[in-house]
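Step one of this worksheet: look at the structure below.
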Amino acid sequence: MGADQNLAVHSAWADAENQHDLSRHHEFLHDDIVVHQAGQEPIVGFDAYMAMMDNLYAALDGFSTTLEDQFATDDRVVCRWESSGIHSGEMNGIPATGRRLTFAGVSLWEFDDGKARCGWIFPDIAALMAQLM
């Protein structure tokens, strides 16, 4: 697949997550997806990714992400994004505060045959933690 197709898949994936609809994720992710996140153990496998998203939705009511910039090659997508939601559940060991949280970050995804196989997510943890405290 080419860069344009990878961008289209990445955008559709983000749209589905913004609608809290994980039913189409087999279209976007390989079963053996590995996601590396700053400061955390890797998320390994499709089911673990889905559990991560369920936990995120439980922690941030109304969670959504705006894709600010996307760049792609035939096997990579890099994106600068901003996410937000109401802190309505436990997050990183911190009980719900009821505050609106907004944080930005960058992600890099390796694509293979039109689906993400591996990714690295770098949220602005300092900004997020400042809002949680």
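The values are calculated or read from the model by the stated rules, or taken from the named source; none is laboratory data. As the structure is a prediction and not an experimental result, all values here were calculated from the model. FYI the Cβ positions are ideal-geometry reconstructions off the backbone, even for glycines, and counts take in every protein chain you see.
Within the range 2-38, how many residues turn out to be on the phi < 0 side of the Ramachandran plot and either assigned to a loop (DSSP other than H, G, I, E, B) or polar (S, T, N, Q) (or both)?
Number satisfying all stated conditions: 13.
So for the range 22-40 (the condition being of a type in the set (S, T, N, Q), modelled with pLDDT under 95 and surrounded by 15 or more Cβ atoms within 10 Å (Cβ to Cβ)), does at least one residue qualify?
yes
For the range 2-17, which residues satisfy the criterion of being more than 21 Å from Asn92 (Cα to Cα) and either crowded, with 16+ Cβ neighbours inside 10 Å or not small (Gly, Ala, Ser) (or both)?
Ala3, Asp4, Gln5, Asn6, Leu7, Val9, His10, Trp13, Ala14, Asp15, Ala16
Being touching a Phe, Trp or Tyr at 6+ places or on another chain (Cβ under 8 Å) and either closer than 20 Å to His20 by Cα or in contact (Cβ under 8 Å) with a residue 40 or more places away in the chain (or both) narrows it down to one of Gly98, Gly89, Gly105, so name that one.
Gly105
Which one is nearest to Asp32 (Cα to Cα) among residues in the range 78-111 that are among the charged types (D, E, K, R) and touching a strand residue (DSSP E or B) at 6+ places or on another chain (Cβ under 7 Å)?
Looking at residues that are among the charged types (D, E, K, R) and touching a strand residue (DSSP E or B) at 6+ places or on another chain (Cβ under 7 Å), I get Glu110.
Between Gly85, Gly98, which is crowded, with 18+ Cβ neighbours inside 10 Å and at pLDDT 95 or above?
Testing whether each residue is crowded, with 18+ Cβ neighbours inside 10 Å and at pLDDT 95 or above leaves just Gly85.
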